[in-house]
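J.: Mind looking over this structure? Questions follow.
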Amino acid sequence: MINRLLYIFLLLLSFFLYSCGEKGDSSGALVSADQISYNFHVRPILSDNCFACHGPDANKREAGLRLDTEEGAYAALKETPNAHAIVPGNPSKSEVVKRLESTDDSERMPPPSSNLKLSDEEKEVIKKWISKGAKYEPHWAFVPPKKADLPKTQHNDWVKNEIDYFISQKLTQIGLAPNEPAEKLHLLKRLSFDLTGLPPSLEVIKAFKQDKEEGALERVIDTLLEDPAFGERMAVLWMDISRYSDSYGYQDDNIRTQWPYRDWVIHSFNRNLPYDEFITWQLAGDLLPDPSKEQILATAFNRNHKYTEEGGVIEEEYRVEYNVDKTNTFTKAILGMTVECAQCHDHKYDPISQKNYFQFYAFFNNTPEKGYEGDVSVSKPAKTPIMWIERDDLGDVLSFVNHQDTSKIMVSVMEDFRDTLRQTFILDRGMYDAPTVEVSPSTPEAILAFDEGKYPKNRLGLAKWTMSPENPLTARVFVNLMWQELFGVGIVKSAGDYGMQGDLPTHPELLDWLAVDFMESGWDVKRLIKKIVSSATYQQSAKVTKQKLAKDPDNTYLSWSPRIRLSAEHIRDMVLASSGLLVREIGGPSVKPYQPEGLWEASTSGRGELAIYRQDKGDNLYRRGLYTFIKLTSPPPKPIIFDGSNRDLCEVTRGRTNTPLQALAMLNDPLVLEASRVLAVQLKENHGGQTHEALEEAFTRIICRTPKKEEFELLEEFYKEELERFKAEPKEMLSTLQVGEIPLEDNMKTPETAALMQVVVAIYNLEEAITRT
Amino acid sequence: MEKERLEGGLNENRRKFLSKLSLGIGSVALGSLLIPDLFKGKSTLDTDRLMANIPHFAPKAKRVIYLFQNGAPSQLESFDYKPMLNKRLGEELPESIRMGQRLTGMTSGQSSFPLVGSYHGFKQYGQSDAWVSDLFPYTAKIVDDICIVKSMHTEAINHDPALTFFQTGAQVGNRPSMGAWLSYGLGSENNNLPSFCVLLSRGKGNGQGVYSKLWTNGFLDSVHQGVQFSSGEDPVLYLNDPDGMDKSDRRRMLDKLAELNQMSYQAFGDPEINTKIQQYEMAFRMQTAVPEVTDLSKEPDSIVKLYGPECLVPGTYAANCLLARKLSENGVRFVQLYHQGWDQHGNLPNEMAMQAKDTDQASAALITDLKQRGLLDETLVIWGGEFGRTNYCQGRFSEDNYGRDHHPRAFSMWMAGGGVKPGTVYGETDEFGYNIVKDPVHVHDFHATMLHLLGIDHERLTFRHQGRRYRLTDVAGHVVNDLLV
């Protein structure tokens, strides 16, 4: 308990010392300060520079010295027993300091061959820490979170809920103030995209503008959370995490049927299935007592990885590969631990041994799954073990599966051997053909020991261990993912790595507060999201000044609301929804919308059902981005251009780049052009020849606010120019309008429609159109 | 010309604000739009690269063209001459040679492993006296310009992991491709073209498909992703303006967009908005630059003759070789070709001949062409597949028709230019062509050597991701000094 208090005390103190995620800069400010935190200042330096050779990996440990534990660092050196790596309180007697400062290449640490080097500030931090007693602390992420008291705030008029106290405190410490609340319509757009991935409709915009009653904002939040589009929006993240695809990957890359799992994810978010059940079903729904087909379907989570259909593969090599993928996905997405290093050797930075790795692996190793079920010529849309979805299920327990015909569907799910147990061995260097010591299912003690009295030694036990309130990681990892979805960056930036090399939380107490609150609420996902979006932090304006940028260029402390480029799927959704093209059907088999010609054909082996891209017709061209068919070897190009995951492996964070290829994709994608034309026709129908009203509606639909006067003037000027052009060049007018499959009435083939269409294209290409403001 | 048009299209307002823009951001940022700005922020990406201090030593090569022969061409019918296999035709592969090494599931069930020699003859060429099979007469003529490595070996035995290993340094996972590493490490030489371009073609033999993850940026910034060029109307996705719009119409729209975006910048102050404006300008320049470079119709007859008439048929290997030269000449850092169809499990003598016919002339032409332009010295050209093929027959066996299974333990590839020792043959396999007996070169060694030629220490080109510093060479790799000039 005292340790715990001390730890919090040190954390608190460290807040104002710790300036940002980059270690290089943070330590500069530290040297002058009195307090050094092992977790926040020292360990990052030691971990990055020393632990690879003097850390947890016993096989690679040099000179028998280990610096990641107190015992190891204080002990007499093996090679020179009268010396010690670290002598608490005495830097000059500490061998570590001598070695760090040595000018002799043969003595200096880290050795020149490692290409690592400590800065002078970093050396000072180490010395200071040693002189203060060289106190070690348990890794922050492995200590269960506790709710701290809310800090005091100097922004009493600004704070709205608990979150804001933590944010406000840090802002004050670094001398920044939060922004004023965002303009109403900016906030509406922000909420609408963050919660549903769709822009607010004209009606919603109008109603919200007029709603001056108290609680208007809360009503909007509640409505959005109840919109079925909420589940679709959340599913985009979960599809990346569960590496969902519609094909098997590897070279022949034939079609598979996992989409009922995707429908389940949407359904679960929409009905607000508590996160503990959401995870338990996915990990071990099949092992629950008398499991329903829904609970079994959830286990498809473990089966979404790639499957080879290449003739002549060695079955066991791939069976191992699949299990490794299951293990890595579980640990990264749900525990926030990057453990794959330990497949081949003890982890170099984290207390995860190779044995620990294969103990995790053992949980997934007891299925009748095969490494290879024949080549592409005998391919089926699911692989053993399989669950059949029958017609009766659709009217009953699986009513959320959007299946329109009478055929049965097969889905790859989990199942364990009943009477036998497949043995698991540590694989030397991770090689399938090099088993060494047998292990049984268990979990690393450093995180939380696996209580065999409490939990069965199977996936259900693993799920219970994962969702246990003592587990220090699970809740933190999920609330951080939600934070990342709503602010663009997590409180822990490395959302899939909470280990020694991961980023430290920018607001550790806030993270812990949210994690505990989330557990106390019964893992209520919608409540968590509502809490975050109801904060003043979330609702502040996105305006940023030069002063703020200079002080906090990455907006680590959230003194303004980050402007975030929409994700690839939601860019598509925005275009479809604002033009009225969107077909709002939930779930079902993935669809094949417009795609530049020849992409599948250029890369295919020629075998399998997916050698040729057969574009859909009709409604299927206008479904949400979530439903676009993912062929792993040639994923849909536009999402990739906009930083979407290629779904090869579990991903928890997407990049956000700004590239010329994105500009081309917005300017020339036939879907954007068709949507612009369809919207132009709509505007003509709504407003006749009243250009002003037409332009205003177009802008409002796409940008979700009314244009300012000078914006309006520019749009009108452009409209007039285009009108003149099309009047003079009827041929250009016709070819401009001829795009997409939605038919165009003859009476709409006018220069006015074409000119309006061009203005709409321009509005779609505004930076603000694809940015949540 | 293009600049004039750009300038001409700018109205007064716009010009003012663009000049403000460049003052604010600095000329460096405007000079390198395709690569992340070195001096902008302090993201891990930038600091890692700055710390890496590239180049680590004087580079020999500035650019790479990689002619990937996808499917694994047989070394025994190309560069690794093994007359013993013809002498002992049909005899069982001795266990003393095979040493129980693993086989693929396609032949592990075979009751016998009959040795089979090349149906096609071999001769020696050039001053290096290199053996080249009769299937590659054009390559035979340039042997004194290339370095043949007969002792390549890899770890994977199936296509997908083997290809992925060659391209990313790891068999599985979503690691950055070597082209992405170079784009990250060296940036672009041409602001109007991507620094990493990918060209695909298909042969007549048994094909194995390629996958976009082979040219992925992995955990690097997505600007380093390989840009796939297509032989269709749009050489780069979404490049062409729609029908009914010409360049000046586009210019007008972009000017309006820039002004509107600038207003948004005034309102929000978000620097990303200015970046967006620049990216639209870059896109506009690409719309001119890419069609210019991909237009092969203006090549003189002598060039068409050199590469062969197929080079005028878009999407063929010959056309891609010529396009590769043009892209490279224009400063594209890494041009990656894939040619499918080299997976001869059966019908090898016939299919291999067709594959060679499709590729031999253009591969050699590329070397000759680069040489005559004085570019070979600074351009590294690589030819090879993902592994080799077995010395024993897969399936039904006859002297003139046979197949070969995958063989990762020994295979051949060649390199030319960019500081590679020309006219050399490196490494040796045993008389059976099964095991390497001299100077083995692992895929990691190949990567280390390639990076070395580009002035990069493979151990120092790193990127920190999820807590670990990654390298193209993982934790291995040695520069093969004997291959260097």
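What follows is calculated from the coordinates using simple rules that are stated; it is not laboratory data. Quick caveat, the model's predicted, so the values are computed rather than measured. FYI the Cβ positions are ideal-geometry reconstructions off the backbone, even for glycines, and counts take in every protein chain you see.
J.: From the P(r) of the stretch A:79-121, can you give the percent of Cα pairs sitting at distances over 14 Å?
T.: Details: 471 of 903 pairs.
Here the long-distance tail beyond 14 Å is 52 percent of all Cα pairs in the stretch A:79-121.
J.: Roughly how big is the protein assembly as shown's charge dipole about its Cα centre, with Cβ charges of +1 (Lys, Arg) and -1 (Asp, Glu), in debye to the nearest 20?
T.: Around 1800 debye, computed over the protein assembly as shown.
J.: Using each residue's phi in the stretch A:612-619, evaluate 6.51 cos²θ - 1.76 cosθ + 1.60 at θ = phi - 60° and report the 3J(HN,Hα) Karplus result to the nearest Hz, with x for Gly and Pro.
T.: 10, 7, 9, 4, 6, 10, x, 3
J.: So which GluC sites (Glu not before Pro) in the stretch A:34-115 pass both tests, a DSSP loop state and at most 16 other Cβ atoms within 10 Å of the Cβ?
T.: Here the GluC sites (Glu not before Pro) that fit, given the DSSP loop and packing criteria, are A:Glu62, A:Glu79, A:Glu107.
J.: Also, quick follow-up: Per-residue HN-Hα couplings for the stretch B:356-370, Karplus 6.51 cos²θ - 1.76 cosθ + 1.60 at θ = phi - 60°, whole Hz, x for Gly and Pro?
T.: 3J(HN,Hα) across the stretch B:356-370, in whole Hz: 5, 4, 5, 10, 4, 4, 5, 4, 5, 4, 4, 5, 4, 5, 4.
J.: In the protein assembly as shown, if the dipole is taken from +1 on Lys/Arg beta carbons and -1 on Asp/Glu beta carbons about the Cα centre, which of A:Asn356, A:Trp158, A:Met467 is farthest to the positive end?
T.: The residue sitting most towards the positive pole is A:Trp158.
J.: Based on alpha-carbon positions alone, could you give the equivalent ellipsoid semi-axes of the stretch A:566-656 from the gyration tensor, as √(5λ), descending, whole Å?
T.: 21, 18, 11
J.: What percentage of all Cα-Cα pairs in the stretch A:613-724 are separated by more than 16 Å?
T.: Of the Cα pairs, 72 percent sit more than 16 Å apart.
J.: Ordered by packing density, taken as the mean number of other Cβ atoms within 10 Å over each peptide's residues, highest first, how do A:134-144, A:214-224 rank?
T.: Working: A:134-144: 19.5, A:214-224: 15.4.
The densest-packed peptide leads the list: A:134-144, A:214-224.
J.: Any idea what the relative contact order of the stretch A:184-226 is, in percent, if you count C-alpha pairs under 8 Å spaced at least 6 apart?
T.: 44 percent
J.: Can I ask one more? At 10 °C and 1.306 mPa s, grab the translational diffusion coefficient of the stretch A:167-273 from Stokes-Einstein with a Kirkwood Rh over Cα pairs, rounded to a whole number in µm² per second.
T.: Approximately 94 µm²/s, per Stokes-Einstein.
J.: Pairwise over distinct Cα atoms, reciprocal of the mean inverse distance: report the Kirkwood radius of the stretch A:242-328 in Å, one decimal place. Before the final figure, lay out the partial values.
T.: Working: mean 1/r = 0.0709 Å⁻¹.
Hydrodynamic radius (Kirkwood, Cα only) of the stretch A:242-328 equals 14.1 Å.
J.: Which of the GluC sites (Glu not before Pro) found in the stretch A:540-643 are in a DSSP loop and have at most 16 neighbouring Cβ atoms, other than their own, within 10 Å?
T.: Those satisfying the criteria are A:Glu585, A:Glu597, A:Glu609.
J.: OK, next. List the relative contact order of chain B as a percent without decimals, with contacts defined as Cα pairs under 8 Å and 6+ residues apart.
T.: Working: 1018 pairs, mean separation 139.0, N = 485.
Worked out over chain B, it gives 29 percent.
J.: Also, I was wondering about something else. Need one value for B:199-209: mean number of C-beta atoms belonging to other chains within 10 Å of its residues' C-beta atoms.
T.: 4
J.: Additional query: Can you compute the equivalent ellipsoid semi-axes for the stretch A:45-170, i.e. the square root of 5 times each eigenvalue of the Cα gyration tensor, sorted largest first and rounded to whole Å?
T.: Ellipsoid semi-axes (Å, largest first): 38, 16, 15.
J.: Check which residues have an amide H placed less than 5 Å from B:Val198's amide H, if you skip close sequence neighbours.
T.: Under 5 Å from the amide H of B:Val198 lie the amide H atoms of B:Val227, B:Gln228, B:Phe229, B:Gln336, each far enough along the sequence or on another chain.
J.: Continuing with the same structure: Starting at the first residue of the stretch B:83-90, write each ³J(HN,Hα) from the Karplus equation 6.51 cos²θ - 1.76 cosθ + 1.60 with θ = phi - 60°, in whole Hz, x for Gly and Pro.
T.: Working through the residues one at a time gives x, 4, 5, 6, 5, 9, 3, x Hz.
J.: Something else about it: Quick one: A:Lys530, A:Lys408, A:Lys348, A:Lys749, fewest Cβ neighbours within 10 Å first, how do they rank?
T.: Ordered from fewest to most neighbouring Cβ atoms within 10 Å, A:Lys530, A:Lys408, A:Lys348, A:Lys749 come out as A:Lys408, A:Lys749, A:Lys530, A:Lys348.
J.: So, one more: With the contact rule set at Cα under 8 Å and sequence spacing of 6 or more, what percent relative contact order holds for chain A?
T.: Relative contact order for chain A comes out at 15 percent.
J.: Taking the Cα centroid of the stretch A:199-248 and of the stretch B:74-89, what is the distance between the two, rounded to the nearest whole Å?
T.: That distance is 66 Å.
J.: Here's a follow-up. Over all alpha-carbon pairs in the protein assembly as shown, figure out the percentage whose distance exceeds 56 Å.
T.: 18 percent
J.: How well do other chains shield peptide B:171-177, expressed as the mean number of their Cβ atoms within 10 Å of each residue Cβ? Write out the running numbers ahead of the final one.
T.: Working: counts 1, 7, 5, 8, 0, 0, 0.
That works out to 3 on average.
J.: Among A:Ile386, A:Gly499, A:Gly488, flag the residue with its Cα farthest along the positive direction of the charge dipole of the stretch A:352-506, charges on Cβ as +1 for Lys/Arg and -1 for Asp/Glu.
T.: A:Gly499
J.: Sorted from fewest to most neighbouring beta carbons within 10 Å, what does the list B:Asp241, A:Asp325 look like? Intermediate results must be reported in sequence, preceding the final value.
T.: Working: B:Asp241 17, A:Asp325 23.
The most exposed by this proxy come first: B:Asp241, A:Asp325.
J.: Roughly how big is chain B's charge dipole about its Cα centre, with Cβ charges of +1 (Lys, Arg) and -1 (Asp, Glu), in debye to the nearest 20?
T.: 960 debye
J.: Sticking to Cα atoms, compute the Rg of the stretch A:303-399 to one decimal and its Dmax as the biggest Cα-Cα distance, whole number, in Å.
T.: Rg, Dmax (Cα atoms, Å): 16.7, 52.
J.: Of B:Thr294, A:Thr338, how do they rank once you tally other Cβ atoms within 10 Å and put the fewest first?
T.: Fewest to most other Cβ atoms nearby, the residues stand as B:Thr294, A:Thr338.
J.: If you don't mind, there's one more thing I want to ask. Scattering from the C-alpha atoms of chain B alone, worked out with Debye: what is log10 I(q)/I(0) at q = 0.06, 0.11 1/Å?
T.: Taking Cα atoms of chain B as identical point scatterers yields -0.30, -0.90.
J.: In whole Å, largest first, what are the principal axis extents of the Cα atoms in the stretch A:184-226?
T.: 26, 18, 15
J.: Counting partner chain Cβ atoms within 10 Å of every residue's Cβ in B:249-258, what's the average?
T.: Averaged over the peptide's residues, the number is 5.
J.: Residue farthest toward the positive end of the dipole of chain B, with Cβ of Lys/Arg at +1 and Asp/Glu at -1: which of B:Leu85, B:Ser230, B:Trp215?
T.: Of the listed residues, the answer is B:Trp215.
J.: Using the Kirkwood radius over C-alpha pairs as Rh, can you work out the diffusion coefficient of the stretch A:230-467 via Stokes-Einstein at 37 °C, viscosity 0.692 mPa s, in µm² per second? List each step's numbers first, then the result.
T.: Working: Rh = 18.4 Å.
Here the translational diffusion coefficient equals 178 µm²/s.
J.: How big is D, in µm² s⁻¹, for the stretch A:668-772 by Stokes-Einstein at 37 °C and 0.692 mPa s if Rh is the Kirkwood radius over C-alpha pairs?
T.: Answer, rounded: 241 µm²/s.
J.: Over all directions, the average projected area of the alpha-carbon convex hull for the stretch A:403-471 comes to how many nm²?
T.: Its average projected convex-hull area is 8.7 nm².
J.: Please list, ordered by chain and number, the residues whose modelled amide H lies under 5 Å from the amide H of B:Arg469; skip anything fewer than 5 residues away on the same chain.
T.: Counting only residues 5 or more places away or on other chains, the set is empty.
J.: Taking one equal scatterer on every alpha-carbon of the stretch A:347-408, how large is log10 of I(q)/I(0) by Debye at q = 0.12, 0.14 1/Å?
T.: -0.60, -0.71
J.: Given the DSSP H assignment, sum -39500 (n - 2.57) over each helix run of at least 4 residues in chain A and divide by its residue total; what's the result at 222 nm in deg cm²/dmol, nearest 500?
T.: Working: 33 runs with 332 residues, N = 773.
It comes out at -12500 deg cm²/dmol, rounded to the nearest 500.
J.: If you don't mind, there's one more thing I want to ask. Can you tell me what the convex hull of the Cα atoms of the stretch A:420-548 projects to on average, as an area in nm²?
T.: 11.9 nm²
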